[in-house]
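Enquirer: One structure follows; several queries about it will come next.
The values are calculated or read from the model by the stated rules, or taken from the named source; none is laboratory data. Quick caveat: nothing in here was measured; it's all calculated off a predicted structure. When we count neighbours, we look across all protein chains shown, and the Cβ atoms used for this are built from the backbone with ideal geometry, even at glycine. Heavy atoms of the whole protein, side chains included, go into the accessibility calculation; ligands, DNA and RNA do not. Shrake-Rupley method; radii C 1.70, N 1.55, O 1.52, S 1.80 Å.
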Amino acid sequence: MSDTYILGIESSCDETSAAVVRSGEQVISNVVLSQFSTHKPYGGVVPELASREHLRNIVPVVRAALEQAGHTYESVDAIAVTRGPGLAGALLVGLSFAKAVCFAVDKPLIAVNHLEGHIHAVLLEQRQSGHYDLEFPVLALVVSGGHTHLYLAERKDESWTYQNVGHTRDDAAGEAFDKVAKLLGLGYPGGPIIDRLARFGDPTAVKFATPQIKHRDRRDHCQPAESGAHFDFSYSGIKTAVLRHFELNHMQDAIERRRKELVQIAKPTIDDYRRLTDQPTIDLVASFQRAVVHDLVTKTLQAAAEYQVATLLVTGGVAANSELRETFEREGAQAGLKVYFPSRPLSTDNAAMIAAAAYPKFLLKDFAPMDISAEAGLVLK
Ligand code: KG4
Ligand code: ZN
């Protein structure tokens with residue numbers, strides 16, 4: 001079979017990205033333009049600003065990806081684009097652009113679910129390093145700013161299907177990282193900052209109660225597709241516990257001072273964060289991270305045992321977290337599981353994962369009609 005080159009486009013949240021991927025197994029180019037500096041003053045993603053930035057950046061980003069790959073719109077075999085889930089206005093920019101290109105150069109359009117993209121980021125890199133045999137059953141944890149979802153992934157020939165066996169009841173794990181960093185005056189996005197700062201703190205300093213959620217079991221479900229145990233997550237309680245902790249310990253003035261000083265620094269380094277953060281706050285950050293990681297790993301391994309899976313894929317922005325990776329590696333190995341992550345650049349949003357997820361659909365000729373619409377709440381099945 002000859003090589004297939006797919007141009008992927010991703011614009012679901014605050015990264016405009018385009019990539020060329022060969023046959024779902026080799027990244028030829030992957031350009032990611034982050035909007036961090038646009039959203040930083042607001043401490044989170046502002047949807048209207050995100051759409052405007054995507055509009056501004058989509059053409060140069062796609063051109064750069066094609067140029068770096070030595071390709072043109074005419075030379076690629078298909079255009080893949082994120083259809084959802086994500087911010088409606090942001091998704092529309094990528095989808096409209098992809099449709100226009102397909103129409104102009106007469107190429108097939110492939111619509112990809114962003115969450116499936118995160119799962120295929122792992123598979124793409126595994127194939128890239130020569131590892132083609134995936135041992136099933138496979139459980140995937142997609143843990144990002146918008147999602148904390150567990151899926152059982154199945155493959156029949158080229159066709160992939162997913163069964164959701166767990167999700168967050170409130171905040172996603174990445175959202176909790178971002179909100180806690182904002183509460184503590186550490187800026188945005190919170191995950192990478194907390195990750196780096198936590199290394200200097202005592203993770204046992206503050207005790208957080210583990211989120212208690214009654215797991216629904218098979219008796220609660222009448223849908224056959226949803227039979228089996230469910231493993232849900234919840235992170236809004238821990239965020240409130242952080243808030244209560246610093247209120248009780250009168251940390252507000254220090255937080256305000258830090259917030260003001262950090263705003264003055266364009267790109268704060270880890271030394272800046274350490275200089276501006278007192279030890280009790282660093283301990284609080286380390287304890288928060290430990291609690292979230294412990295909960296994510298424990299529930300995922302419980303689900304892995306319940307469904308007797310052989311392989312665990314951990315992906316999405318929070319999969320870049322050092323403590324999460326180390327803990328999954330250690331405890332996954334103890335449980336006899338094969339655990340795979342994407343590299344850090346492919347953990348967070350990127351278009352290479354969209355082009356990779358599109359490859360099996362290309363083989364199946366699963367092309368999208370030109371009147372397809374973006375879906376902010378698109379479900380993965
Ligand atoms: O997958 P992603 O780029 O976008 C979504 O689909 O949401 O994930 C972004 C999320 C943000 O909440 C960010 O704070 C978090 O991933 N994140 C991290 C780390 N790097 C990014 N969280 C913890 N540790 C990290 N190193
Ligand atoms: Zn994502």
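Enquirer: Could you give the accessible area per residue of region 133-346, probe 1.4 Å, as a whole number in Å²?
Expert: About 47 Å² of surface per residue is accessible.
Enquirer: Run lengths n ≥ 4 of DSSP H only: what is the helix-derived mean residue ellipticity at 222 nm for the chain, with -39500 (n - 2.57) per run over all residues, to the nearest 500?
Expert: Value at 222 nm, helices only: -14000 deg cm²/dmol.
Enquirer: Here's another thing I want to ask about it. Can you tally the net charge around Trp160? Count Lys and Arg as +1, Asp and Glu as -1, for every other residue whose Cβ sits under 12 Å from the Cβ of Trp160.
Expert: Details: positive: Arg155, Lys156, Lys361, Lys381; negative: Glu116, Glu154, Asp157, Glu158, Asp366.
Taking every Cβ under 12 Å from that of Trp160, the sum is -1.
Enquirer: What do you get for GluC sites (Glu not before Pro) in region 122-172 restricted to DSSP loop and a cutoff of at most 11 other Cβ within 10 Å of the site's Cβ?
Expert: Taking region 122-172 and a limit of 11 other Cβ atoms within 10 Å, the loop GluC sites (Glu not before Pro) found are Glu135.
Enquirer: Here's a follow-up. Read phi for every residue in region 104-120 and hand back ³J(HN,Hα) as whole Hz from Karplus 6.51 cos²θ - 1.76 cosθ + 1.60, θ = phi - 60°, with x for Gly and Pro.
Expert: Listing the rounded values in order: 5, 10, 6, 10, x, 9, 10, 8, 10, 6, 4, 6, 5, x, 4, 5, 6 Hz.
Enquirer: Using only Cα atoms and rounding to the nearest 10 degrees, what angle (0 to 90) does helix 236-248 make with the longest principal axis of the chain?
Expert: 30 degrees
Enquirer: Let me ask something else about it. To the nearest 10 degrees, how steep is helix 173-183 against the longest Cα principal axis of the chain, on a 0 to 90 scale?
Expert: Rounded to the nearest ten degrees, it is 40.
Enquirer: Which of the three applies to region 133-346, rounded, prolate or oblate, going by the alpha-carbon gyration tensor with a ≥ b ≥ c and a/c under 1.5 meaning rounded?
Expert: Note, shape of region 133-346 comes out prolate.
Enquirer: Let me ask something additional. Give, as a single signed number, the net charge of other residues whose beta carbon lies under 15 Å from the beta carbon of Glu261, with Lys and Arg counted +1 and Asp and Glu -1. The partial results should precede the final answer.
Expert: On the way: positive: Lys40, Arg257, Arg258, Arg259, Lys260, Lys267, Arg274, Arg275; negative: Asp253, Glu256, Asp271, Asp272, Asp278.
With Lys, Arg at +1 and Asp, Glu at -1, the neighbours total +3.
Enquirer: Ranked highest first by the average count of other Cβ atoms within 10 Å around their residues, in what order do 29-39, 348-358, 66-76 fall? Mind showing how you got there, number by number?
Expert: Working: 29-39: 18.0, 348-358: 31.5, 66-76: 15.4.
Answer by packing, highest mean first, reads 348-358, 29-39, 66-76.
Enquirer: Between Ser37 and Gln252, how high is the FRET efficiency from 1/(1 + (r/R0)^6) when r is the Cβ-Cβ distance and R₀ = 30 Å? Nearest 0.05.
Expert: Efficiency computed from Cβ-Cβ geometry: 0.65.
Enquirer: May I pose another question? Order the peptides 233-245, 198-210 from the highest to the lowest mean number of other Cβ atoms within 10 Å of their residues.
Expert: Numbers: 233-245: 17.9, 198-210: 15.7.
The packing order, highest mean first, is 233-245, 198-210.
Enquirer: May I pose another question? Hey, what's region 87-126 come to in accessible area per residue, 1.4 Å probe, Å²?
Expert: Heavy-atom SASA per residue in region 87-126 reads 28 Å².
Enquirer: Roughly what angle does helix 279-306 make with the longest principal axis of the chain, taking Cα atoms, 0 to 90 degrees, to the nearest 10?
Expert: Long axis of 279-306 versus the principal axis of the chain: about 50 degrees.
Enquirer: Only loop residues by DSSP count here, and only those with at most 15 other Cβ atoms within 10 Å; note down the trypsin sites (Lys or Arg not before Pro) in region 137-182 that meet that.
Expert: Answer in residue order: Arg169.
Enquirer: Using the beta-carbon distance between Ile270 and Ala376 and R0 = 41 Å, what value does 1/(1 + (r/R0)^6) give for FRET efficiency, to the nearest 0.05?
Expert: E(calc), rounded to 0.05, equals 0.70.
Enquirer: Quick check: from the Cα gyration tensor, does the chain come out rounded (a/c under 1.5), prolate or oblate?
Expert: oblate
Enquirer: Which order do the peptides 11-23, 276-288, 49-61 take when ranked by the mean count of other beta-carbon atoms within 10 Å per residue, highest first?
Expert: Values: 11-23: 27.5, 276-288: 20.8, 49-61: 19.1.
Peptide ranking by packing, descending: 11-23, 276-288, 49-61.
Enquirer: Measure off, as a whole percent, the carbon and sulfur share of the 1.4 Å-probe accessible area of the chain, all protein chains present.
Expert: Of the solvent-accessible surface of the chain, carbon and sulfur hold 52 percent.
Enquirer: Using the alpha-carbon centroid of each, what span in Å lies between region 1-73 and region 89-155?
Expert: 14 Å
Enquirer: Leu378's amide H: which non-local residues (gap 5+, or another chain) put their own amide H closer than 5 Å, with H modeled 1.01 Å from N in plane and none for Pro or chain starts?
Expert: Gly86
Enquirer: When Lys and Arg each count +1 and Asp and Glu each count -1, what net charge do the other residues less than 12 Å away from Ile354, Cβ to Cβ, add up to? Don't skip to the answer; put the middle values down first.
Expert: On the way: positive: Arg83, Lys361; negative: Glu10, Glu15, Glu116, Asp349.
Taking every other residue near Ile354 into account, the sum is -2.
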